[in-house]
Every structure is written in C-alpha cells, then in structure tokens.
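Structure record follows, encoded as structure tokens.
The values are calculated or read from the model by the stated rules, or taken from the named source; none is laboratory data. The shown structure was predicted, so the numbers you read here are calculated from the model rather than taken from an experiment. Backbone-built Cβ (ideal geometry, glycine too); neighbour counts: all protein chains shown.
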Amino acid sequence: MFEGVPLTWFLIVATIMFFIGIYGFLVRKNLITILMSLELILNSVNINFVAFNKLLYPQHMEGMFFTVFVIAVAAAEASVAIAIIINIYRRLINIDVERIDEMKY
Amino acid sequence: MLIMRHELLLVIITVILLLVEIFLPDNRKHTIILPSILLFFIVTVLGFIPGPTGELFGGMYATTPLILTMKNILNLGVLIIFIQSVNWLKKIENKGKIGEYYLILLSTLIGMDYMISSGDFLMFYLGLELATIPLATLAAWERFKEKSAEAGVKLIFTSALSSGILLYGISMIYGTTGSVYFREVMGAFNATPLQVLAFIFFFAGMAFKIAIVPFHLWIADVYEGSPINITSYLSVISKGAAVFILMIILYTVFYKIALLWRDVLYVTSILTMTIGNLFAIRQRNIKRFLAFSSIAQAGFILLGLIGQSQLGMTTVIYFVLVYIFSNLGAFGVAGIISNVTGKESIDDYDGLYRTNPLLSLTMMLALFSLAGIPPVAGFFGKFFLFTAAAQKGLYLLVIIGVLNTIISLYYYLLVVKAMFLNTSDQPIAYFRSDAYSRIGLLMCVAGIVIIGFASPVYEFILSLSHGLY
C-alpha cells in the first residue's frame, strides 16, 4: 500500500504531528483536549518507529514491538488521567485548566 | 531466577498483599499495616545478600553489583517511608485505602527496579511508565481535596508529556542506529546531527522527571498538593531512581558524545542549583520549601554526573544515599507535625524547640545534612561531589556550587532559627509521637550520623563502581 513512499514523508508527518501535540498541550484549556494532544505526541512516535522499522531495518521487529507497547502504555496513562479528571469535575463541575490554579500563587 | 531476585521478591509480596487485601473483611483492613512492613523488611534484608549478577532475556535486563547496590538504597528509603507513613495511614479518612497504598507504592518500586537494570530502551520505557503512572494516583490520594486532585493532574500530564518527548528521542536513536539495545546502540553511535538531536529530546524528557531547571515548574505544586508521605516518596525515591538510570544511560549509551552532554549538564547544573536555591528562600510552606531545596539538590547531583569517572559515579550514588536519609528526616518531622496539628507553614515552627525538643533536633540534623555542615553525612556527600567535578578541572562550576551551598545554608538556617530562637504566642503544643514515627526518624538520624562518620559505606560503593564502561 505504501510502496515507493520515501521515508522522509513519514518523518515529516510524524514531526508535524509531534509539534501539533506540543502546541495543543501548551495552548488548550480543556483537560480532555490536552489529553488528546498527548495522544498525538505518542502517535507521532509510533509513526516514527513503524516507518523506521519497515523502511530501514525490516529484518528485526523491534520498532513494531515498541509501538505495541507504547499504545498499551498510552491507554493506561489515559485511563489514570481520565480518572483524575473525573474527580476534578466532581469537585469543580469544570475541567478548565484556568480554574485548577489553587496552588499557582 | 536469582539474577532478578529484587524484582521477583517485590512481585511476590505485592501479590500476597493484593490477595490479603481482597479477602480481609472491611473492619479489619487496618491489620495489614504491620505485616506489610515486616514483609518489606524481609525483602530489604534479603536484597543485601550477595548473589549472582548478569544478563537476562538477551540483554534486555542486566544487573551488576553496583546496580544491586542502587536497588538496595531505594529499598532502604522505601522501608523508612513505610514506617513513617503508618501514623498517617491510620487516620480516619484513609480507612479502606491502606492496602492500596502499599500495592501502588510497591508497584512503582518494581517499575524503578526494572528501569534501573534495563538493558534496552523498551525495558527502560516500560519501567519508567510503571514507576510514574501509579504515582499520579498516589498524588491524587485525598479524594475530597481539590489540591490533591490538582497535584495528580499536574503530575500525570507533565510525566506523560515528558515521556512523549523522551520517546521521540528514542525513536530517532532507533532510526539512526537500528537497535534499541543499549550495547548495540553504543556500538553504532557515531554522533550524527540527528543523534545529537535525539539526545537533546531524551535529556529533556529525563530532565522533566528529575525536575531540572527549566523543566522544574511542576514539582512545587505536585509536592504541595500531595499528602506529605507521598511527597517524600516523590522527592527521594522517584528522583533517586531517575538519577541512577540517567547516569547509567549517559555513561554507556551516550558515551561517545560525552563532550556534548558535559556542556549540557554544565549549564543545567548551574541553572538548577541557582534557581532552586533562590526560589527556596521565599517559600513559607514547608513542602514547597523542601520541593525547591530538592531542585537545588538535583543541581548538585548533576555537578557530580559531569565528573564522569569512577569517582563521579561513586559520589553520585553516595550523595543520593545521604540525600535519602536527610530528606526523609526532614519530611518525617514535617509529616509528624502535619499529622498531629495540620500545620504546614514554616511560621508555625516558631518556638518548636521549647515544646518538642527532640523533633527540633532531628529536623536540625536533617537540615544540616542537606546543607552540608561538617560532622554529618551531607558534608561528605557535597565534598566528594565537588572533588569529582574539580578532578575534571571545572573550577568555575565548583566555585558556583560552593556559593550555592552558602545560599542554601541561609534558608536552611532560617528554619532552624525559627525552631530554636524565635518565640511564638501559640507554639505547637507538646505531643508524644507514636512508636512507628520514632523508629522512622531514628533510622534517618542513624543514617545521617553513621554514614557521615563511617567511611566503609563510601569505600564499598567505590569498590563496585567500575563496571559500567
């Protein structure tokens, strides 16, 4: 399906995704959207690993394994983060980061 | 089997505690405290028995006698934290959550052990995540307090962002070397620009975990919001483990770009020490104060990492050991006072010596050790760090380090002054602390004093630290 697509293209897509994720993490106000930005970062890493594995080092599967584990760990991370976000929602009836500033000053 | 004995023992007692926790009736859940501590004590003692070392799973997992020593140091710290936290766990609001505390804490410790003895980046990443994700649940421990939830969300988001950045670096390392095994990466490493970039990403990710300036801002909020026993765990064990693995990876995988990372560490070390110290001066909450002091201590640790030699490694491990005892002493006293009176401000410590002389003396000893005043262990820790850096000819860095020690002396002595010289209309009333807290503090004091006076500890670590190159 991806025959003939050069490695650079994959890397460009991954880099753009990575920095969209960083930008979203810094700019967004809603905790769920921040979590989505984090997933973007992790997925850009996955693209990197799979592209490197498929196009440069097809003899071993290390990159693929890494991707599988990153996906699993990202799910664990998201579940813990959402649990804490739900708790915050119960306390504040709000998940805006601007409101979570009790210890900022 | 025996090569992985630290992790296996921890897994076994975690499973035992999980089963016991499930089958205990609700009104007897608090009886799990003493057995857990005893079980963990046995694990700690068993860890000190020398055994085989080597590699497992084709190099994914590796231990050396030095790595075993690091794990033993972490075990000791966790044992002290377990003993110190009994009083807090018995409080009414923690009813029904006691077993979870031990389970979550032990699973993060398993993660740290795997992380320290990882031989490839996959194992390293899994260990790192096992060590940080449960910590967020610990930080958000007090379900009905806004501050605790805030600490939890800040911890999970910063740690997830930092592992994302770290992973991006690892993916570039994989792309340029074709392997994730430390040994093969080290062989194929040839310092191309992409690999240098990968190192920067990797270091930024680790800097978040150790709270190195400019990635330190999350630490004060997380420390203030979490319960104090968990704050001490975060500041001592979690940070110590991250320092150990950073040292191992810098000295092995990134060995070929040592000149580059030495410059990076040089700048971040100066920044971390100075900013940590300057911000610590203006803190009035004891937890925030100790948070910034721990940032400054991380700067001193970086200073030792630069002296990349047998001496450098020894001093870093020795310093972490001393730091565990002294910081746990300070957090122990703060935790007891916070548990009994609920007060966490430094101003509340005015006149503490008149009402609770022993607690004040322990706090003083711990703070002196953190500051590095001669008879106690902290002095030797700092002294060896400076020696290691001076050996590389980094005299300017050493001078800045010494100046920072003086600044840190100022704010540590402010607390001592509050306890001993200031008077207060309403000092914290006299109270007797329970046996567990006493044992915990006694262990810290013994550690601070004995390590300061006995050189065998240092020489033992020195004799082991050669195997990483």
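Annotations for the structure displayed:
- Summed over segment B:113-156, residues that are more than 8 Å from every other protein chain (Cβ to nearest Cβ), of a type in the set (Ser, Thr, Tyr) and assigned to a helix (DSSP H, G or I) total 3.
- Verdict on residue B:25 being more than 20 Å from residue B:105 (Cα to Cα), surrounded by fewer than 13 Cβ atoms within 10 Å (Cβ to Cβ) and free of Cβ contacts under 8 Å to residues at least 12 places away in the same chain: yes
- Sole residue being buried (at least 18 other Cβ atoms within 10 Å of the Cβ), modelled with pLDDT under 90 and among the hydrophobic types (A, V, I, L, M, F, W, C), chosen from A:100, A:84, A:47, A:41: A:100
- Filtering segment A:51-105 to residues that are in a helix (DSSP H, G or I), touching a residue at least 12 places away in the same chain (Cβ under 8 Å) and facing chain B (nearest Cβ under 7 Å) leaves A:52, A:63, A:66, A:70, A:77, A:81, A:85, A:88.
- Residues in segment B:139-158 that are surrounded by fewer than 24 Cβ atoms within 10 Å (Cβ to Cβ) and closer than 29 Å to residue B:317 by Cβ: B:158 only.
- Members of segment B:195-213 that are within 16 Å of residue B:154 (Cα to Cα) and not aliphatic (A, V, I, L, M): B:205, B:208, B:209
- Filter result (assigned to a helix (DSSP H, G or I) and among the polar types (S, T, N, Q)) within segment B:34-65: B:36, B:44
- Checked against the criterion of being facing chain A (nearest Cβ under 8 Å) and either out of contact with any Cys (no Cβ under 7 Å at 6 or more places or on another chain) or surrounded by fewer than 22 Cβ atoms within 10 Å (Cβ to Cβ) (or both), the candidates B:169, B:175 yield just one match: B:175.
- Those residues of segment A:20-42 which are within 10 Å of chain B (Cβ to nearest Cβ) and over 16 Å from residue A:81 (Cβ atoms), in sequence order: A:22, A:26
- For segment B:157-200, a residue qualifies if it is outside any helix (DSSP H, G or I) and at negative phi, and the qualifying residues are B:179, B:180, B:181, B:189, B:190, B:192.
- When segment B:409-434 is filtered for residues that are touching a Phe, Trp or Tyr at 6+ places or on another chain (Cβ under 9 Å) and either assigned to a loop (DSSP other than H, G, I, E, B) or at positive phi (or both), the ones remaining, listed by number, are B:421, B:422, B:424, B:427, B:428.
- Some residue of segment B:237-256 being over 16 Å from the mean Cα position of the chain (by Cα), on the phi < 0 side of the Ramachandran plot, without any contact (Cβ under 8 Å) to a residue 40 or more places away in the chain and assigned to a helix (DSSP H, G or I): no
- The residue that is surrounded by the fewest Cβ atoms within 10 Å (Cβ to Cβ), among those in segment B:212-228 that are touching a residue at least 60 places away in the same chain (Cβ under 8 Å) and farther than 20 Å from residue A:101 by Cβ, is B:213.
- Test for residue B:77: is it at pLDDT 90 or above and surrounded by 16 or more Cβ atoms within 10 Å (Cβ to Cβ): yes
- Segment B:433-459, residues that are of a type outside the set (A, V, I, L, M) and either modelled with pLDDT of 80 or more or surrounded by 15 or more Cβ atoms within 10 Å (Cβ to Cβ) (or both): B:433, B:434, B:436, B:437, B:438, B:440, B:444, B:447, B:452, B:458
- Contact map, segment B:153-168: first residue in contact (Cβ under 8 Å) with a residue 60 or more places away in the chain, second residue aliphatic (A, V, I, L, M), Cβ cut-off under 6 Å, separation 6 or more or different chains; pairs are B:154/B:222; B:155/B:136; B:155/B:139; B:155/B:222.
- Flag if residue B:96 is away from every other protein chain (no Cβ under 14 Å), touching a helix residue (DSSP H, G or I) at 6+ places or on another chain (Cβ under 9 Å) and not in a helix (DSSP H, G or I): yes
- Matching residues, segment B:198-241, being more than 14 Å from chain A (Cβ to nearest Cβ), small (Gly, Ala, Ser) and closer than 19 Å to residue B:152 by Cβ: B:211, B:232, B:235, B:238
- Residue ID - surrounded by the fewest Cβ atoms within 10 Å (Cβ to Cβ), chosen from residues in segment A:55-81 that are under 20 Å from residue B:158 (Cβ atoms) and among the aliphatic types (A, V, I, L, M): A:75
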